[in-house]
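The values are calculated or read from the model by the stated rules, or taken from the named source; none is laboratory data. Predicted model, so just to flag it, every value in this text is computed and none were measured. FYI the Cβ positions are ideal-geometry reconstructions off the backbone, even for glycines, and counts take in every protein chain you see.
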C-alpha cells in the first residue's frame, strides 16, 4: 500500500461524519494542550500523561473508523468480488498494530 492518498471515497452518514469529526476535534484540543504544557515548562510526567491520553484517544478513533470500514467498504468490496479490498485492509491493519 502506498503512502499517497487513494482516489477512492467513502460515503458516510451525517451522524458518522459528526462522530468522527467530534473525536478528532477532541484529539486536536488534547494536542494543543500538550503543546501549551511544553511551552509553559510543565512537569515531564504531566506531559507524558496527557500524551498517553491523546494516543489512547487516537487509537479509539482508529478502532471506530476501522470497524466502520470493515462493515461498509470491505463488506461491499467482498460482495462485489474485489479481492484487493482484503489486501488493502491487511496492509492497513499491519500498519496500525506496529
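A single member of 20, 24 is over 22 Å from residue 88 (Cα atoms) and surrounded by 12 or more Cβ atoms within 10 Å (Cβ to Cβ), and it is 24. Against the criterion of being in a loop (DSSP other than H, G, I, E, B) and at pLDDT 95 or above, residue 41 qualifies. Restricting 82, 41 to those that are over 14 Å from the mean Cα position of the chain (by Cα) and surrounded by 14 or more Cβ atoms within 10 Å (Cβ to Cβ) reduces the list to 82. Residue 20 passes every criterion in (1) in a helix (DSSP H, G or I); (2) free of Cβ contacts under 8 Å to residues at least 12 places away in the same chain; (3) closer than 19 Å to residue 71 by Cα apart from (2). For segment 2-15, the criterion of being surrounded by 15 or more Cβ atoms within 10 Å (Cβ to Cβ) and part of a helix (DSSP H, G or I) is met by no residue. Note on segment 63-79: residues that are farther than 17 Å from residue 9 by Cα, within 19 Å of the chain's Cα centre (by Cα) and exposed (fewer than 14 other Cβ atoms within 10 Å of the Cβ) total 1.
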